[in-house]
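Any read-out appearing in this document is the output of simple, stated calculations on the displayed coordinates, not a laboratory observation. Since we're looking at a predicted model, the values are computed, not measured. Cβ placement follows ideal geometry from the backbone for every residue including glycine, while neighbour counts extend to all protein chains displayed.
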Amino acid sequence: MLSDITAGGMLLGMCNSLGLDYHNPDHVTQAIDFIVDKVTPNAIKYTADNAEAQSLFKSEAVDVVTFWNSMARLQYLDGMDSASFLVASSGQFAVNGFMWIPVNPSHPVLAQIFIDWRLSDDAQFPDLDAWGITEGAWAELQEGFMGPSYEGLVPDWIADVYFNFYPTTEQLAESYKSVDWDYYTANSADWFDYWNQKLGL
């Protein structure tokens with residue numbers, strides 16, 4: 001069943017690449033019809049299981065996988081030199097890497113201090129030895145250039161291929177789009193119902 005944000009991200013991206021607006025129900029229907037009619041015949045399967053997607057890609061059962069950009073860097077660190085992520089020429093929706101503070105938390109100042117620390121240079125570009133972590137763990141923690149202070153902090157061990165796995169500052173400014181989460185939350189269940197119905201799931 002297609003019902004999670006991985007499928008949602010694919011649908012938002014497809015609407016955008018077809019020049020459609022996901023705020024228009026008829027446009028979403030058109031995008032789903034396009035996916036079912038044009039993409040599905042060329043797809044082995046739809047899955048939200050990262051491990052399964054990695055296995056299919058690593059075994060070369062598939063040539064392309066649509067998933068979070070973290071998958072490409074994990075594949076690379078697992079020895080797959082051909083893995084890299086691509087930013088869609090029509091634009092990319094930013095749907096990962098969010099942190100939230102609940103409404104009326106018990107300790108709002110501490111919550112803000114934690115988020116400030118998590119976005120700091122030291123937390124976004126941790127030292128492997130000081131933190132006692134592997135390169136793979138570093139790649140999971142690191143979210144890319146979220147501000148100008150990060151430039152120049154990329155460690156030597158990944159510097160040559162860093163932008164194969166993370167967007168550049170220019171890509172973030174020019175190609176990344178925000179999601180209207182209120183609209184998405186209110187409507188995505190209907191999108192998935194139609195998509196699953198079309199797929200016979």
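Figures for the structure shown
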{"read-out": "Among Ser17, Ile101, Ser89 - extreme Cα towards positive end, dipole of the chain, charges at beta-carbon", "value": "Ser17"}
{"read-out": "Taking N as its residue count, the alpha carbon Rg of the stretch 123-201 over 2.2 N^0.38 Å", "value": "1.59"}
{"read-out": "Sequence-separation-based contact order of the stretch 108-168, relative, with Cα cut under 8 Å and 6+ spacing, percent", "value": "30"}
{"read-out": "Neighbour-count order for Glu170, Glu140, fewest beta carbons within 10 angstrom listed first", "value": "Glu170, Glu140"}
{"read-out": "The chain: most fluctuating residue of Val103, Val62, Val154 per GNM, C-alpha cutoff 10 Å", "value": "Val103"}
{"read-out": "Average Cα contact separation per residue, the chain, under 8 Å, 6 or more apart, as relative contact order %", "value": "28"}
{"read-out": "Max mean-square fluctuation residue, GNM over the chain, Cα-Cα springs under 10 Å, options Ala53, Ala31, Ala189", "value": "Ala189"}
{"read-out": "With Cα atoms, 0 to 90° folded angle of helix 5-17 axis to the chain main axis", "value": "70"}
{"read-out": "Helix-only CD estimate at 222 nm, as mean residue ellipticity for the chain, using -39500 (n - 2.57) per DSSP H run (n ≥ 4)", "value": "-13000 deg cm²/dmol"}
{"read-out": "Debye log10 I(q)/I(0) at q = 0.16, 0.23 Å⁻¹ for the stretch 42-122, Cα point scatterers", "value": "-0.78, -1.09"}
{"read-out": "Residue-wise HN-Hα coupling along the stretch 194-201, computed from phi with Karplus coefficients 6.51, -1.76, 1.60 (Hz; x: Gly, Pro)", "value": "5, 4, 5, 4, 5, 7, x, 9"}
{"read-out": "Amide H within-cut-off set for Phe93, under 5 Å, with H built and near neighbours excluded", "value": "Lys177"}
{"read-out": "Principal axis dimensions, the stretch 107-163 - Cα atoms, whole angstrom, descending", "value": "41, 26, 16"}
{"read-out": "Listed candidates [x] 1.63; [y] 1.00; [z] 1.13 - label of the one calculated as Cα Rg over 2.2 N^0.38 Å", "value": "[z]"}
{"read-out": "Rg and Dmax [Cα atoms of the stretch 8-49; Å; Rg one decimal, Dmax integer]", "value": "10.5, 29"}
{"read-out": "Overall Cα dimensions of the stretch 1-76 - principal axes, largest extent first, Å", "value": "38, 24, 22"}
{"read-out": "Top of Gly132, Gly147, Gly91 by mean-square fluctuation, Gaussian network on the chain, Cα under 10 Å", "value": "Gly132"}
{"read-out": "Cβ charges +1 (Lys, Arg) and -1 (Asp, Glu), total dipole of the stretch 59-201, debye", "value": "500"}
